[in-house]
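Report on the following structure.
The values are calculated or read from the model by the stated rules, or taken from the named source; none is laboratory data. These numbers were taken from a predicted model, which means no experiment stands behind them. Every residue, glycine as well, gets a Cβ built from its backbone with ideal geometry; the counts of neighbours run over all protein chains shown. Heads up: the accessible areas ignore ligands, DNA and RNA and are worked out on the full protein's heavy atoms, side chains in. Shrake-Rupley method; radii C 1.70, N 1.55, O 1.52, S 1.80 Å.
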There are 4 protein chains.
Amino acid sequence: MPDTLGIGIIGAGRIGKIHAGNIARFIPRARLEGIADINLDGQQETWAGELGARIVSRDPADLLGDPAIQAVVICSSTDTHADLAMAAARAGKHIFCEKPIDLTVSKVKAALEAVRQGGVKFQIGFNRRFDHNFRRIRELTLAGEIGEVQIVRISSRDPAAPPPAYVAVSGGIFIDMMIHDFDMARFQAGSEITEVYAAGAVLIDPEIGRAGDVDTAIVTLRFANGALGIIDNSRKAVYGYDQRVEVFGSAGAAAAENDLPNTVKLSNAAGITGEKPLYFFLERYKGAFIDEMGAFTEAVLEDKVVPVSGEDGLADLYAALAAGKSLKEKRPVAIEEIQ
Amino acid sequence: MPDTLGIGIIGAGRIGKIHAGNIARFIPRARLEGIADINLDGQQETWAGELGARIVSRDPADLLGDPAIQAVVICSSTDTHADLAMAAARAGKHIFCEKPIDLTVSKVKAALEAVRQGGVKFQIGFNRRFDHNFRRIRELTLAGEIGEVQIVRISSRDPAAPPPAYVAVSGGIFIDMMIHDFDMARFQAGSEITEVYAAGAVLIDPEIGRAGDVDTAIVTLRFANGALGIIDNSRKAVYGYDQRVEVFGSAGAAAAENDLPNTVKLSNAAGITGEKPLYFFLERYKGAFIDEMGAFTEAVLEDKVVPVSGEDGLADLYAALAAGKSLKEKRPVAIEEIQ
Amino acid sequence: MPDTLGIGIIGAGRIGKIHAGNIARFIPRARLEGIADINLDGQQETWAGELGARIVSRDPADLLGDPAIQAVVICSSTDTHADLAMAAARAGKHIFCEKPIDLTVSKVKAALEAVRQGGVKFQIGFNRRFDHNFRRIRELTLAGEIGEVQIVRISSRDPAAPPPAYVAVSGGIFIDMMIHDFDMARFQAGSEITEVYAAGAVLIDPEIGRAGDVDTAIVTLRFANGALGIIDNSRKAVYGYDQRVEVFGSAGAAAAENDLPNTVKLSNAAGITGEKPLYFFLERYKGAFIDEMGAFTEAVLEDKVVPVSGEDGLADLYAALAAGKSLKEKRPVAIEEIQ
Amino acid sequence: MPDTLGIGIIGAGRIGKIHAGNIARFIPRARLEGIADINLDGQQETWAGELGARIVSRDPADLLGDPAIQAVVICSSTDTHADLAMAAARAGKHIFCEKPIDLTVSKVKAALEAVRQGGVKFQIGFNRRFDHNFRRIRELTLAGEIGEVQIVRISSRDPAAPPPAYVAVSGGIFIDMMIHDFDMARFQAGSEITEVYAAGAVLIDPEIGRAGDVDTAIVTLRFANGALGIIDNSRKAVYGYDQRVEVFGSAGAAAAENDLPNTVKLSNAAGITGEKPLYFFLERYKGAFIDEMGAFTEAVLEDKVVPVSGEDGLADLYAALAAGKSLKEKRPVAIEEIQ
């Protein structure tokens, strides 16, 4: 393995651009070698050139076939993730894959099998595990400061509802949005989810209801270690992106508040007013996007276990599917019903 | 109706003493006329004398028969509440009754019927509605600051688990502890609970499990107005009494943090450390106990609707019973199944 | 000494009423025996009767001559404090005296001498030492948590400027307002002030300037133990009564924030807004007024040293006078120049 | 003027490296063209090469003579700033100069004169003006939210005292450390300092006293617009870098708290503990270093006024010298005494 990792980006949309820029600027041990996007346009070509990408192409195969590229970052549309992951694994490329791997269990399993056979690393883009706040909570738990984990409580609310057209193809709130929280819950509990109960409602946009989804959801979790969990999701918090986690245990509790753009408080006749949370995930998880890529680079170069595995991605998908089933059937659903 | 309200206290235990002291010192329009406790001892007699009680007795009938007493405060053991309320109603005395009215729906209904026939006021001691924090949230909601309520989120955790012997006769966590939170949830949602789903676990004290109860519980609520709710209870938070409420709506959210004994933060090499919450309900709800009694006095003297009615007490009991059934049957339970 | 302390109140204005009410309701070991006010009116008479005062009079001598009264609380106008204290001392009554003892050093010294000869206790009403926040800071310092005190920083701002007519007879901002902060500074430093430098300005109300005073002031302090101090005063903080103290030392720092009426934060598109501080001293120092009287009662009954002595009052006056001189002469002034 | 700005770095120490890295990675409109350091070593050469610097030299003249370089960043030792600035101005290069320009008024004036004659931009590295918190306070003031500024209050404390050897050549606490706060005070007040009074003490390290300096200082300011200011400095806050600013005015107050590495609070039997502030200036002002360079680049490319001018640097130096004189002569010192 060389000193630095040659990386190719597949998919130059919003998140692909974030990863490419981070690799070029912030990951000293990684090199941005190429960028491929099937819909590559002139603006993207210029951008890729400025970042110093050697290969700029419409065909991901150009990256998979390049010997200077040891790893790919899959940021294309969700329905291509599994196929690209399988192709990359066959080409012997290590893989960083955006979440979700796929919306169906069978394709995820096929991708995991290909990865296994290819003997490559496979990390899923659950970036929130790398958030400075949530990572700190986990560190405190691992340091024994919280004792035995008893309750994991997550509030996760978006600043604005997506267009109903997006909702219709998103896989629904549990796969599209809450899957991050299922991953966070498993991460913080240090245990697998065994059962979920989902309550949901359409309180924000009736169009979301007509698209067959809910926009407000509360899910109760049971973990293998006996702990309980709660997640609440809303598609629209008017005060901005609300991302809070609390872990409560036998020896204490650790809770993270939102990140704010600054610490200033204005005191006047109306009260004491501080800033709203950082607007959305690009702002809030800016550092987490860098750190997850740094961890992936490190794991490949040092042949270490990746911090968020394909099995994690599968487990999170199980939880999301179980939540969907619970909502539909109005009863708690055991994860093993889904497996 | 006279200018001030003559009140008799039935039951001179911990909470009876609080109410008696508050009436004597903080409710200008109320007079403490008498105190009755079937187990009255010398210490209590001295205390009652110092407070200026004219009647100090072992027999509640001495209060119910006294013409200078217009209202009684029932603070005796739970199993006597309903009978005493019925006797008081028959005697034409207005009633402030500690929660719960009774553990069974039929006795609560009988008490409510007696109250109706007696034409007296009947207020239940759900003191938390009068807490400065929670009341402020409700005011903000009523002022339209939060818009339509979508999620009510309550964390309610005690500083230490009760003895298993107490747990065995308490009616269980939902009736003994979470009933306060059901009342708070209804109060904050401004709507009735229609369905509950309860998850519970024994994570703190196996003896509680052997007594047939859980010590950690999460309950999901549905309200008639479409909103969702979550309550988490723990019998033991090592950092103290954790009482937080958040109401999230279409136009904003209002959240109350715990009250602390002081605002001091100590900064040193270990971090920035502030105080733990006020220890337990006597400290935290000190002002609420006064304010609920003031509101009761006002309601009687001015012939106004009491702020927490017997019907509230019944609705809270339904929710608690439904939660118990949900936990046992591992499914969501509609309130109408209980009614 | 009897089990409880018989107390007479001299002066039934705002602060006298506070003390009388506190003694009657909150100080179990004190009895309110009498109230005297040279301008006693019918409203005050009714109030005194309701509180159970045995003596209600226009003549303080009626209290000083009563054998059931062991202590008096002097709450009359400032210009009468010293004379009443001397008369009380001669009558062998213990004395709680509102601040300041007098505006001149000579009268304060005469009062202290009378107290010494009378062998009575003499406590000054610097109530802020009993504030839950500021007391906690001092406890942390005494417990060694802060190490050697290096900087004491006090912000003390009123919610609204007094009428210029009041300012004209108040003795000026240093004696009328900042004297509390000098006392707090000495209390927190655990050391005497040796030098002050005062900067002042008229920024709020030109009338205050025409009355010969300033409405905004910053004073730098030197303490005998080497520590430095800063106090800032403003006559008008539009967001309310701002009372903050920070003690910084070799091992850490302790800082108190304002008390708020509740902990609720409203999150909406405008930001995250919490309450303004408690309005003014009656609200903020409600508990401190009770605790100082409790401490006085205890000191007399148990023959202990009073927590705020006449010598404290004199030292605070020195600092205030030195600050006035510093402002006038535009130079730092040593306390010994005043003594 | 070209689309992007070619920049050369003079001085490759700690701060020079920060600026070089920021230009290379974060300022899209700037190009890092060269790096010169009279003590250039191999490690620095490698680093400069990795950043893509075209010129890597021991002689600043190599940068000043290069036509592709339009601006230089002076990060060498303080005693070389003025001479390099003059040479750069003569060479027609725009200048970003680290603070202070020089320790003497005459050399600063000479440098400003050369800049004037050269017709180049000259920005001083008072990075704190670009801090997200302090900038926000200023924005609120400019938006009228605070009304007329009445008090500017700054606490500025370092996490650890510098070695006494450094102190001896630093120019003293006012020029070395508090000069940042004088600049912040002028920035926030929107007005010039007219008078200072300094109190200082040696409370942390006697060696600092033996080097003729103080390690703890409080300075009172008067501004031309009538406002007052307070700055406190300590060379050692055991809890870390303490950087807080409060602006108090006729319509409100805005206050910035420290930045923390994360928002997590740990609740346990010891209290509620959060993180210490970010360790030191490299961490705390990371974004400010980027933003000041971006603003400089913008000012040059768009021929706009630089946000922190040489005149600002001179005014800050006046304040620092006046504070030193005040401390020595134990009296308030007017700025015009220094000019």
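The table that follows gives values for the structure above.
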quantity: Top-ranked residue in the stretch C:21-48 [being more than 14 Å from chain B (Cβ to nearest Cβ) and part of a helix (DSSP H, G or I); ranked as surrounded by the fewest Cβ atoms within 10 Å (Cβ to Cβ)]; calculated: C:Gly42
quantity: Of all residues making up the stretch D:146-174, the number that are farther than 22 Å from C:Ala199 by Cβ and in contact with a Leu (Cβ under 6 Å, 6 or more places away or on another chain); calculated: 1
quantity: Breaking point among (1) more than 22 Å from D:Ile74 (Cβ to Cβ); (2) in contact (Cβ under 8 Å) with a residue 60 or more places away in the chain; (3) among the charged types (D, E, K, R), for D:Lys276; calculated: (2)
quantity: Matching residues in the stretch A:171-185 - criterion: being of a type in the set (Asp, Glu) and closer than 16 Å to A:Phe134 by Cα; calculated: A:Asp181, A:Asp183
quantity: Pair list, Cβ < 8 Å and 6+ apart or interchain, from the stretch D:313-329 residues that are among the charged types (D, E, K, R) to residues that are assigned to a helix (DSSP H, G or I); calculated: D:Asp316/D:Ile179; D:Asp316/D:Phe182; D:Asp316/D:Asp183; D:Asp316/D:Arg186; D:Lys325/D:Glu337; D:Lys325/D:Ile338
quantity: Counted residues, the stretch B:283-308 - those being closer than 27 Å to C:Ala254 by Cβ and within 14 Å of the chain's Cα centre (by Cα); calculated: 3
quantity: Index of the failed condition, D:Arg138 passing every other in (1) open to solvent by 20 Å² or more (accessible area, probe 1.4 Å); (2) over 19 Å from the mean Cα position of the chain (by Cα); (3) under 18 Å from A:Ile272 (Cα atoms); calculated: (2)
quantity: 1 or more residues within 14 Å of another protein chain (Cβ to nearest Cβ), over 26 Å from D:Ile7 (Cβ atoms) and among the charged types (D, E, K, R): qualifying strands (runs of 3 or more DSSP E) within the stretch D:239-339; calculated: D:242-249, D:265-268
quantity: Of all residues in the stretch C:204-238 being surrounded by fewer than 22 Cβ atoms within 10 Å (Cβ to Cβ) and closer than 19 Å to D:Ala254 by Cβ, the one that is nearest to the other protein chains (Cβ to nearest Cβ); calculated: C:Val238
quantity: Residue count, the stretch B:160-203 (criterion: in a strand (DSSP E or B) and more than 11 Å from every other protein chain (Cβ to nearest Cβ)); calculated: 2
quantity: Single unsatisfied condition, D:Gly212 versus (1) in contact with a Leu (Cβ under 9 Å, 6 or more places away or on another chain); (2) of a type outside the set (S, T, N, Q); (3) at pLDDT below 95; calculated: (1)
quantity: The stretch A:170-203, residues that are among the small types (Gly, Ala, Ser), open to solvent by 40 Å² or more (accessible area, probe 1.4 Å) and touching a residue at least 60 places away in the same chain (Cβ under 8 Å); calculated: A:Gly171
quantity: Enumeration of residues in the stretch A:147-175 that are of a type in the set (A, V, I, L, M, F, W, C) and touching a helix residue (DSSP H, G or I) at 6+ places or on another chain (Cβ under 6 Å); calculated: A:Val149, A:Val152, A:Ile154, A:Val167, A:Phe174, A:Ile175
quantity: Residue list for the stretch C:139-159, restricted to those being within 14 Å of chain B (Cβ to nearest Cβ), touching a residue at least 60 places away in the same chain (Cβ under 8 Å) and not in a strand (DSSP E or B); calculated: C:Leu140, C:Thr141, C:Gly144, C:Glu145, C:Ile146, C:Gly147, C:Glu148
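Quick grid of which residues meet (1) within 29 Å of D:Ala143 (Cα to Cα); (2) among the hydrophobic types (A, V, I, L, M, F, W, C):
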residue	(1), (2)
D:Asp232	yes, no
D:Phe248	yes, yes
D:Val264	no, yes
D:Asn268	no, no
D:Gly271	no, no
D:Phe281	yes, yes
D:Arg284	yes, no
